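Some notes on the structure that comes next.
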Amino acid sequence: MSTLQPVRGTHDLLPDEARRHRLVEEIAFGIARRYGFGEIITPIFEFTEVFSRNLGETTDVVSKEMYSFTDRSGESLTLRPEGTAGVARAFISGGLSQHLPLKLFYRGPMFRYERPQKGRQRQFHQLGIELLGIEGPQADVEAITLAAHILQALGLKDHITLELNSLGDASSRAAYREALVAFLSGRKDKLSKDSLDRLERNPLRVLDSKDEGDREVVVDAPLMADYLNDASRQFFDEVQHGLSIVDVPVLINQRLVRGLDYYCHTAFEFTSTALGSQGTVLAGGRYDGLIGQMGGPATPGIGWAAGIERLSMLAELAIAEERPLAVIPMGPIDVAQALAQRLRQDGFNVELGYSGNMKKRLARANKLHARAAVILGEDEWSRQAVAVRDLDTGLQEEVPLAVLEDRLARFR
RNA sequence: GCGGGUGUAGCUCAGUUGGUUAGAGCGCCAGGUUGUGGUCCUGGAUGUCGUGAGUUCGAAUCUCAUCACUCGCCCCA
């Protein structure tokens, strides 16, 4: 076994896996396009502040998981740990506010220094969308509906549940946070060590703790729903109503919280039980304050991201088999190369067997699942013809070169 | 970052209470005569037993460290 290992938490996508990966992306993007989304490709690294100032200084992602480094000119840069901040930055620097509403789709690698586990890598890939410039709840409905549609297309609708909650607007959230902190502070003796820490850094997180003691405490905790002001309440109702109209089933989870600070109002998560403790497949929410906070024109937004590796593990994909034509030279290779080229120019997928006798070359063609073999035998060649063997039926016929493409058409 | 598990041929795994030449299946390679695959038969190659130390006359088997993966926590997509 080689000592040459990949960096911890990184993985090579070998051809089969890469194929699945790309297929997941293409299916997702194909559906996003039907909803009017166009792709945006932003840099893989940004100035560190783009993330540190906007995701929340106390979040784990910012405080201990970023791959940050100083470049040769002394700038602090960070490999993107998520996609939204970069898109928001691009929105501002590109002056895109005059093109609202904007529907953007992105995909690509993200980096977080975490302890690797199944479905959790240090370099992983996300695809996601951002819908910018629409204040109303119909944007939330559209974003979530698109997500459900993509998951369905990937064949994992049945194993997935959609959990939904509202964090309310800034004032509702602040009021609730205060009430929750007050409640929890009176019960510190019953909270786990982790939750005591959460109480300081991100109190809402205590709500979805897995610790049994915490759960008992949280049962009696004040509910977000009771702290939503009228506008927030109505917004949430309309989102739920909209989802019912398009038949997207929802499980309201009052304890659903988001990890990053920029979220408000709608928060949602599509989860699966098939991934162990990495149950979240796709998650997102509304972030009306983000772009303004970054220094851009106040612009509402909602978006979500999904882990491509997680999607790929769960997806039931019908991967069409590539079935090439095998060109098998018996004489000089030049002739075979010229013929292979002619067929490729004509749109055929052609494999050229380079070595071995006919037996080996046919065996190789078979292993590649070639649909047919084009055999350049000397006898046939002397008659300006080749032998074409159907590898499924074993039937072989002599075909004049002049009509080769026509006869091969059925093997495309 | 915390706690547990695993690590033997390309892959999936077996290797008894430490004992000398480390195995199987699949895959791979070759052959079953001269230009014909898939099935079948025969033969063959491959491992510093994750890495590094230690204990021992002797270690894949025991100890320690280290790396990677993995399960739970944490975090999140």
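Protein chains only, probe 1.4 Å: how do A:Arg53, A:Arg19 rank by accessible area, largest first?
A:Arg53, A:Arg19
Using helices alone, I'd like the mean residue ellipticity at 222 nm for chain A: each DSSP H run of four-plus residues gives -39500 (n - 2.57), total over residue count, nearest 500.
-10500 deg cm²/dmol, from helical runs alone.
Could you give the length gained by full extension between A:Thr393 and A:Phe69, i.e. 0.36 nm per residue of separation minus their alpha carbon distance, to one decimal place? It would help to have the intermediate numbers written out before the result.
On the way: separation 324, 0.36 × 324 = 116.64 nm, distance 6.01 nm.
Taking A:Thr393 through A:Phe69 to full extension adds about 110.6 nm, to one decimal.
To the nearest 10 square angstrom, what accessible area does A:Lys190 show with a 1.4 Å probe?
Answer for A:Lys190: close to 130 Å² accessible.
Please arrange A:His21, A:His149, A:His369 by accessible surface area, largest first, computed with a 1.4 Å probe and ligands excluded.
A:His369, A:His149, A:His21
So if I place +1 on the C-beta of Lys and Arg and -1 on the C-beta of Asp and Glu, and nothing else carries charge, what would the dipole magnitude of chain A be about its Cα centre? I want it in debye, nearest 20.
It works out to roughly 980 debye.
Using a ≥ b ≥ c from the Cα gyration tensor of segment A:325-411 (square roots of the eigenvalues), is it rounded, prolate or oblate, where a/c under 1.5 gives rounded and otherwise the larger of a/b and b/c decides, a/b for prolate?
Rounded is the answer for segment A:325-411, as its axis ratio a/c remains below 1.5.
Which whole-number value in Å² is the accessible area per residue of chain A, probe 1.4 Å?
Working: 20890 Å² over 412 residues.
In whole numbers, chain A has 51 Å² accessible per residue.
Determine the sum of side-chain charges near A:Arg20: Lys and Arg each +1, Asp and Glu each -1, restricted to other residues whose C-beta is under 13 angstrom from that of A:Arg20.
Net local charge, A:Arg20 excluded: -3.
Just in segment A:214-319: which GluC sites (Glu not before Pro) are loop by DSSP and have at most 11 other Cβ atoms within 10 Å?
Qualifying residues, ordered by number: A:Glu316.
Please report the antiparallel percentage of DSSP beta bridges with both residues in chain A, rounded to the nearest 5.
Antiparallel bridges: around 80 percent, rounded to the nearest 5.
At a 1.4 Å probe, what is the % contribution of carbon and sulfur to the accessible area of chain A?
Using a 1.4 Å probe with all protein chains present, chain A comes out at 50 percent carbon and sulfur.
What nm value, rounded to one decimal, do you get for the distance between A:Leu317 and A:His369 when each label is placed 7 Å out toward the C-beta?
My value for the distance between the label points is 1.3 nm.
What accessible surface, in Å², does a 1.4 Å probe find on A:Thr161, ignoring ligands, DNA and RNA and rounding to the nearest 10?
70 Å²
How big is the accessible area of A:Asp60 in square angstrom, nearest 10, if you roll a 1.4 angstrom probe over the protein chains?
70 Å²
Counting other Cβ atoms within 10 Å of each Cβ, which trypsin sites (Lys or Arg not before Pro) in segment A:202-286 have at most 15 and sit in a DSSP loop?
Loop-located and lightly packed - A:Lys210.
What ranking of A:Thr70, A:Thr84 comes out by heavy-atom accessible area, probe 1.4 Å, highest first?
A:Thr70, A:Thr84
Going by amide H atoms built from the backbone, whose H comes under 5 Å of the H on A:Leu282, apart from near neighbours?
For A:Leu282, the qualifying residues are A:Phe270.
Among the chymotrypsin sites (Phe, Trp or Tyr not before Pro) within segment A:351-412, which fall in a DSSP loop and have no more than 12 other Cβ atoms within 10 Å of their own Cβ?
Loop-located and lightly packed - A:Tyr354.
The values are calculated or read from the model by the stated rules, or taken from the named source; none is laboratory data. In this text, all values refer to a predicted model and were calculated from it rather than measured experimentally. With ideal geometry, Cβ positions are generated from the backbone for all residues, glycine too; neighbour counts draw on all protein chains shown. Only protein heavy atoms, including side chains, enter the accessible area calculation; ligands, DNA and RNA are left aside. Shrake-Rupley method; radii C 1.70, N 1.55, O 1.52, S 1.80 Å.
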